[in-house]
1. Would you work out which of THR112, GLY135, GLY102 lies farthest towards the positive end of the dipole of segment 28-185, given +1 charges on the beta-carbon of Lys and Arg and -1 on that of Asp and Glu, about the Cα centre?
2. With charges only on Cβ, +1 for K and R and -1 for D and E, what is the dipole size of segment 81-155 about its Cα centre, in debye, rounded to 20?
3. Running Debye on segment 66-125 with equal point scatterers at the Cα sites and no solvent, what base-10 log of I(q)/I(0) appears at q = 0.12, 0.15, 0.25, 0.29 Å⁻¹?
4. Report Rg/Rh for segment 75-185, rounded to two decimals, where Rg is the Cα radius of gyration and Rh the Kirkwood radius.
5. By average Cβ neighbour count within 10 Å, what is the ranking of 150-159, 171-180 from highest down?
6. Relative contact order, percent, of segment 101-185 when contacts are C-alpha pairs under 8 Å separated by at least 6 residues?
Amino acid sequence: MFKSSLPILAVALLSSCAAYRPAPVSESNSKIVNPMVLLLTIGAGATSVDSSTDGASEFNGSTDESDTTLQLGVQAKFSPQISGELGYVDLGRHTWDGTWLGNPNSGYIDLTGFKMGVIGEFPMQAKDWSWTASGGLFFWSEDGKEDDNGTPLTYDDNGADPYLGVGAQYQVTDQVAARVQVTRY
């Protein structure tokens, strides 16, 4: 019933911490040092599933199409404006209970995945603030169970889809930034 549960809308508050910044090149050391900065990213937020394309007009009952989003990843800052990101995303559990085509129907789907993409930062007039835009590929997996009129069904599906995000970021220190972002998976 909800087998194609994507698209997902995740609203995430991301914190970048534990930065690694290479030491500057000294006059006595002519070796060029890679200026890349590595950041650990931790995020939490809310997820909302759009099931309107999954036969929802034939379903009568309750659905819980929102849950907590958790993210953990690494961000490699190649320049002040461009970063690459790799991360794990848990979009939570989404449940339903009611009738579909007049038959009892209930179940859940767990959505997780890995993302790989690029983040652009665009400075604002205000000091330490910037707009962010992100995009890339989300390699997702959905696992779930359904009871359709007494018949147990299981779901195990995966795929890859693009994701896009926009947000605002405040640079707290050189090593810590807080970001509010809306991402569509």
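What follows draws every value from the coordinates through simple rules; no lab data is involved. For clarity, every value in this text was computed on a predicted model and none was experimentally measured. Note that we place each Cβ from the backbone using ideal geometry, even for glycine, and neighbour counts take in every protein chain shown.
1. Farthest towards the positive pole: GLY135.
2. Using Cβ point charges on Lys, Arg, Asp and Glu, segment 81-155 gives about 280 debye.
3. -0.51, -0.64, -0.98, -1.08
4. Numbers: Rg = 19.3 Å, Rh = 16.4 Å.
With Rg and the Kirkwood Rh in hand, the quotient comes to 1.17.
5. Ranking the peptides 150-159, 171-180 by packing returns 171-180, 150-159.
6. On the way: 181 pairs, mean separation 23.6, N = 85.
Reported relative contact order: 28 percent.
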